[in-house]
Amino acid sequence: MACPHAQTPEGAREIEDTVRTDFHNAMSYGSYLDLERLLSAQHPVSVPEHHDEMLFIIQHQTSELWLKLMLHELMESRRLMDNDEIGKSLKCLARVKHIQKTLTEQWAVLATLTPREYAQFRGFLGSSSGFQSFQYRAVEFILGNKHEGMLKVFESDPEAHQLLTQVLHEPTVYDAFLHALARSGYAIPEEILGRDVTKPWVFHEALVPIYKDIYESDDTTWSLYQACEDLVDLEDNFQAWRFRHMRVVQRTIGFKKGTGGSSGVDFLKRALDLTFFPELYAVRTEIGK
């Protein structure tokens, strides 16, 4: 039952009588989203507390939430590919692409942090670093950039270590797509289908003519053609995120070492050389020949 409302002040929007205002025994927006816990999870460590540290914390916390959703969608995309539900799988990839764009645009907010402002609380961060984001590593793993040595970073966090170990030993989204292509009649080499999925993906020349056929044939099933383009979009977006990350770091700390011990900007630059789906780029040279 709606509670009676006070008279609406001049210039204010009237609250409709059907709007619920009593949540003593009902789920509210805040309780559904667990906002009490979420909004109390920001704990600046600088002494005295520096105003801009709140920005730094929230930037990274929201990134972790988006990474959680990205991993959730990539796992579902892989499952759907395994079931040959390519169209539904592409819906998941479409959502991932929008998440990627949001994550890339977020760097603009962090870029408002000037070098002097960051320097005033950076020392309080200790050895904590985005390099230690287990969800980011899980996303890279499921896309093909696997590195067993990374597990050592998470030995002190059993749950993170377990998740990364699981994803390390599971096929990637790309593996699932290649198996789907094989079931559709494309001659994917057996050594690729049976590869050690714990290893990082490396370029396979034998896939290039297969992709050339997919792109050039009028008989190609549209969902397979679209899947190729969606994977390219996904990698392009990932590279845009990496580049924006690198530039914001350079803008903020120059060429200082990272808090986690990396070389900083130089380390981030080398990430730009990593690729998830190299054959989908290589085929572009061959199309039309």
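Worth a mention:
- Here the mean projected area of the convex hull built on the C-alpha positions of segment 13-144 is 13.5 nm².
- For peptides 25-37, 217-229, sequence by mean Cβ density within 10 Å, most packed first: 217-229, 25-37
- Fully extending the segment from Leu39 to His161, taken as 0.36 nm per residue of separation minus the present Cα-Cα distance, adds 41.2 nm.
- Chain lengthening between Ile57 and Asp196 when straightened (0.36 nm per residue, less Cα-Cα): 46.2 nm
- Compared with the dominant Cα axis of the chain, that is its longest principal axis, helix 86-110 is turned about 50°.
- Each of (1) 133; (2) 225; (3) 177 is a candidate for volume of the Cα convex hull per residue in Å³; the one calculated from this structure is (2).
- Largest accessible area first, the residues His147, His60 order themselves as His147, His60 under a 1.4 Å probe with ligands, DNA and RNA left out.
- Portion, in percent, of the accessible area of segment 163-250 that falls on carbon or sulfur, probe 1.4 Å: 53
- Ligands, DNA and RNA are left out, and with a 1.4 angstrom probe the accessible area of segment 198-245 is 49 Å² per residue.
- Residues in segment 10-109 average 69 Å² of solvent-accessible surface per residue, probe 1.4 Å, ligands and nucleic acids excluded.
- Cross-link pairs exceeding 21 Å in C-alpha to C-alpha distance, out of Lys68/Lys101; Lys91/Lys199; Lys68/Lys257; Lys152/Lys199, comprise Lys91/Lys199; Lys68/Lys257.
- Over the chain: helical MRE at 222 nm, DSSP H runs n ≥ 4 each giving -39500 (n - 2.57), nearest 500: -18000 deg cm²/dmol
- Report note on the peptides 272-283, 152-163: ranked by the mean count of other C-beta atoms within 10 Å, highest first, their order is 272-283, 152-163.
- Folded to 0 to 90 degrees: helix 173-183 orientation relative to the chain principal axis, Cα: 40
The values are calculated or read from the model by the stated rules, or taken from the named source; none is laboratory data. A quick note: this is a predicted structure, and the numbers were derived from the prediction, not measured. Because the Cβ atoms are built from the backbone with ideal geometry, glycine has one as well, and the counts that use them run over all protein chains shown. For accessibility, only protein heavy atoms count, side chains too; no ligands or nucleic acids. Shrake-Rupley method; radii C 1.70, N 1.55, O 1.52, S 1.80 Å.
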